[in-house]
1. Being crowded, with 24+ Cβ neighbours inside 10 Å, part of a loop (DSSP other than H, G, I, E, B), out of contact with any His (no Cβ under 8 Å at 6 or more places or on another chain) and not polar (S, T, N, Q) is the requirement here; does residue B:466 meet it?
2. Take residue B:389 and tell me if it is in contact with a helix residue (DSSP H, G or I) (Cβ under 7 Å, 6 or more places away or on another chain) and closer than 21 Å to residue B:310 by Cβ.
3. Only one residue in B:297, B:241, B:246, B:283 is over 21 Å from the mean Cα position of the chain (by Cα) and either over 19 Å from residue B:468 (Cα atoms) or assigned by TED's automatic domain parsing to the domain that holds residue B:153 (or both), so which one is that?
4. Out of the residues in the stretch B:308-323 meeting the condition of being surrounded by 18 or more Cβ atoms within 10 Å (Cβ to Cβ) and assigned to a helix (DSSP H, G or I), tell me which one is nearest to the chain's Cα centre (by Cα).
5. Looking at (1) more than 23 Å from residue B:493 (Cα to Cα); (2) crowded, with 19+ Cβ neighbours inside 10 Å, find the lone condition where residue A:274 falls short.
6. Of the residues that sit in the stretch A:431-455 and are more than 7 Å from chain B (Cβ to nearest Cβ) and under 15 Å from the mean Cα position of the chain (by Cα), which one is surrounded by the most Cβ atoms within 10 Å (Cβ to Cβ)?
7. Just one of the numbered conditions (1) assigned to a loop (DSSP other than H, G, I, E, B); (2) without any contact (Cβ under 8 Å) to a residue 40 or more places away in the chain; (3) under 23 Å from the mean Cα position of the chain (by Cα) is not true of residue A:483; which one?
8. Restricting attention to the stretch B:400-418, and to residues there that are within 14 Å of chain A (Cβ to nearest Cβ) and either in a strand (DSSP E or B) or of a type in the set (A, V, I, L, M) (or both), which single residue is nearest to residue B:316 (Cα to Cα)?
Number of protein chains: 2
Amino acid sequence: MSVKGFNLIGQAEVAGSNPALWGIAAATGERLEPGFGGATLDDLDRACALAREAFNPYRETSLETRARFLERIAENILELGDTLVERCMAETGLPRARVEGERGRTMGQLRLFASVVREGSFQDARIDRAMPERTPLPRADLRLRNIPLGPVAVFGASNFPLAFSVAGGDSASALAAGCPVVVKAHSAHPGTSELVGQAVQRAVRECELPEGVFSLLFDSGREIAQALVADPRIKAVGFTGSRVGGVALMNIAAARPEPIPVYAEMSSINPVVLLPGALQERGAQIGQAFVSSLALGAGQFCTNPGLVIAVDGEGLQNFIRSASEALGKVAAQTMLTPGIYRSYCHGVHSLESNARVQPLAKGLAGGINQGQAALFMVAAEDFLDDYRLREEVFGSSSLVVRCANIVQVRQVIDVLEGQLTAALHLSPSDHRAARALIADLELKVGRILINGFGTGVEVAHAMVHGGPFPATSDSRTTSVGSLAIERFLRPVSYQDLPQALLPPALQDSNPEGIARRVEGQMVL
Amino acid sequence: MSVKGFNLIGQAEVAGSNPALWGIAAATGERLEPGFGGATLDDLDRACALAREAFNPYRETSLETRARFLERIAENILELGDTLVERCMAETGLPRARVEGERGRTMGQLRLFASVVREGSFQDARIDRAMPERTPLPRADLRLRNIPLGPVAVFGASNFPLAFSVAGGDSASALAAGCPVVVKAHSAHPGTSELVGQAVQRAVRECELPEGVFSLLFDSGREIAQALVADPRIKAVGFTGSRVGGVALMNIAAARPEPIPVYAEMSSINPVVLLPGALQERGAQIGQAFVSSLALGAGQFCTNPGLVIAVDGEGLQNFIRSASEALGKVAAQTMLTPGIYRSYCHGVHSLESNARVQPLAKGLAGGINQGQAALFMVAAEDFLDDYRLREEVFGSSSLVVRCANIVQVRQVIDVLEGQLTAALHLSPSDHRAARALIADLELKVGRILINGFGTGVEVAHAMVHGGPFPATSDSRTTSVGSLAIERFLRPVSYQDLPQALLPPALQDSNPEGIARRVEGQMVL
């Protein structure tokens, strides 16, 4: 397989006739061939029509068929070999180890959802048997299962060209749920997107699924994105990106004649709270670990620690000294796109030109598109007073908020918007304060972690990669981990259906052998 | 306890200083004393402040404390005795048996949620243990539980003055989840609302809970409703009512700086599909049963069968003859409010003046505010052509859509909007056609039932009282049954927390003894 510059609409390769876009070599800013002709509204219509057509046969496939399909996608991605890895490195500036690691993560996600499908409890099968003798009224036989919502629009992220993109977590969980997907490729990595798209397209063919299960569209502007979310055949949206972009899609979805759910992961500064005991015990050590997390991948993680909230004192001085020293040695790193680099420079400049903000350290300067790490400090009073300091700077910049005491730490937490993660660094002497802070932070975030940083997002059953607005558009969900499948499901109740008309999950004989809830009790 | 005309704000009784509203005797149209002074924005602010203040202590109560609180509310409602029953009968025109039955249902819901709380699996506790030896990277200890969203605004329904009102399903499930509630009483039954509110208020006191767990506000206009949904301390909304009202609240919630979920149950015409085998076998019998369901409670059920889709033939003629005959004997019944009565008359008049619609039968005429049942017929072609025929007429009016064949039945289903329920009447010879229809209907409704009518909504684990828009604002949810609690929860992940800082549900010792998912597998 090779990069051809085509939209993938069902099993067809379609040369888009709208203005083209090109991949850009992150390291040089040069165009990568070929160009990708933008999809037209007719192309979009065709993709949505195929998706709708595929929906019923696809959702009625057996659990095993669907699981095998997900596994086949993973195998096909691996088979793309260095063609994929090298194109992805060129388009994103990410190093080989990261790209290969992310490929492994992507395959792991697909395989996790294959296991989730096989296990079957995502269907939430429930049985409340008839009680014909009940007085004053008999009870009907009631059974419930989850069904997929319908075709899903997926928007790839710039910062995870594989794991949150064409065959990333949103697509994997939607396909696992039984939803066809129409992906709008992120313009930051079109070649990577097409290659992965080819792997999915081939898996559809190999598994003899209806072609509309998957389509991939390119667009140099916003027309396709907006029309996709507005299309009546689309029943849910997965998005990872900016707050502005996510809110725009939320508004389109809410204004439809039939509003649909949007799962947008948008913006987070991921506060790190340093408690006095921890600072006193190991302030310098935390400073070093913090800089490692901050600089990882040029700081281009949704969970990057963009804010440090700490109680002032000798321990904090140790933290600052150590973090500043470590940061001074951080090499500049190529950022994902020229646009992201410019935004980062703008964000850092805003902090530099804010009179209340004290610069602490800068990383080494770099070349084209290379982000220079930066660390700043501000007094809690000033932070509370200036809402601009709470905005995300996407990249390896962070701000230390110096607090006089725990009361002020809680005030700072109180003004924060919703976040993906919060980290607490503590020693046993901090437990009492930590208890109150955890209760505060729970209401602000999707994940709380102790003595670590949020940049590693494990793909697991107990993971929440989500959080209150604006971290995401829907705090009830996660975009990482097995729970992500629930975003694309809804319950349906079946009353007094003859066995022959019941779906397998609800038949008395339980042919899928799944765990079910009978009269409210789990039966394995 | 007695009706006093007060807003209930925490433990206080507050005479509202905005324009008053009165209960209206449904049977006579006369005012019932006392008047209820409307809540001011200051009253609302106080209720929301108390709710926010109560949230943390309330959500941290033990499962047993919360379960006992729900049971105590049920006991206190029963203790209101005939004071409640008679006031409710007067305000709604509903007969004693129905009011007493609904009171039992309301208590049953509260007790069901007490059992759901005790059982504990609503917390969805998950544990993925650390793998310190894993390569290339160790895995952290990850644990997940659901936490409540925050204070919830509840809007009582006109048609279920007890079961979908002050202490109805929305309040019961929100309180079970750990959310304080602020109820905006429906103006159709203020006295009933206040009495039930007193029962809840007393239970808060008796269980020594923070007073802000419950408040109840009255308003003769829309100011309080709108301000309540816009208030930043409110984190979710439960509503049962009209499409116009529900969509207005959805829009307010979506436009907030922090958008919040709205669970609005709004509009449904609940198609009943009559298949040829069933019609031939027992058309006349189905006609009688249909009229019983249609006329129940003056047709004032969300699940009232407002549309019949049937294949033409001798069987359908039998159905029509029998249904028309039965309908001709249906006594007019007092409707809930003069406004609902006027809307019903307007809806029936629209059908009568539609040249394509054929009147089949009318019930007996009645007196003040008494709705006269009505049955109409239209050809499928005309139904497909006229979207107005798909709008809900709230009351005991229904429309038979005569189809030439199953293909046309499917076309009619295809143009329907989202519905709460669909019923299929079939005999074994219809199974083949039914299979395709069930697949179609699944995508349109929350509940499919065979050889029955949707008007009985069992409070059970496998119930879905929900469905795609505009049946509800969020097809992923149900407002009846144990699953309703999930509307008010969101997951939080805890990484590497020491045992002492973990919530009970996630501690190794499992002090609550709840079922948990460990490494993805349910452990009871």
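1. Numbers: crowded, with 24+ Cβ neighbours inside 10 Å: yes; part of a loop (DSSP other than H, G, I, E, B): yes; out of contact with any His (no Cβ under 8 Å at 6 or more places or on another chain): yes; not polar (S, T, N, Q): yes.
Answer is yes for this residue.
2. On the way: in contact with a helix residue (DSSP H, G or I) (Cβ under 7 Å, 6 or more places away or on another chain): yes; closer than 21 Å to residue B:310 by Cβ: yes.
So residue B:389 fits the description; yes.
3. Values: B:297 fails: over 21 Å from the mean Cα position of the chain (by Cα); B:241 fails: over 21 Å from the mean Cα position of the chain (by Cα); B:246 fails: over 21 Å from the mean Cα position of the chain (by Cα).
Sole residue among the options that is over 21 Å from the mean Cα position of the chain (by Cα) and either over 19 Å from residue B:468 (Cα atoms) or assigned by TED's automatic domain parsing to the domain that holds residue B:153 (or both): B:283.
4. First, the residues of the stretch B:308-323 that are surrounded by 18 or more Cβ atoms within 10 Å (Cβ to Cβ): B:308-311, B:315-316, B:318-320, B:322-323.
Filter once more, keeping what is assigned to a helix (DSSP H, G or I): B:315-316, B:318-320, B:322-323.
Numbers: B:315: 35, B:316: 33, B:318: 35, B:319: 31, B:320: 31, B:322: 32, B:323: 29 Å.
Per the stated criteria, the residue is B:323.
5. (1)
6. This residue is A:445.
7. Here residue A:483 clears every test but (1).
8. Narrowing the stretch B:400-418 to residues within 14 Å of chain A (Cβ to nearest Cβ): B:410, B:413-418.
Then drop every residue that is not either in a strand (DSSP E or B) or of a type in the set (A, V, I, L, M) (or both), which leaves B:413, B:415-416.
Working: B:413: 18, B:415: 22, B:416: 21 Å.
Among those that are within 14 Å of chain A (Cβ to nearest Cβ) and either in a strand (DSSP E or B) or of a type in the set (A, V, I, L, M) (or both), it is B:413.
The values are calculated or read from the model by the stated rules, or taken from the named source; none is laboratory data. Everything numeric in this text was worked out from a predicted model, so none of it was measured. Counting neighbours? That spans all protein chains shown, and the Cβs are built from the backbone with ideal geometry, glycine included.
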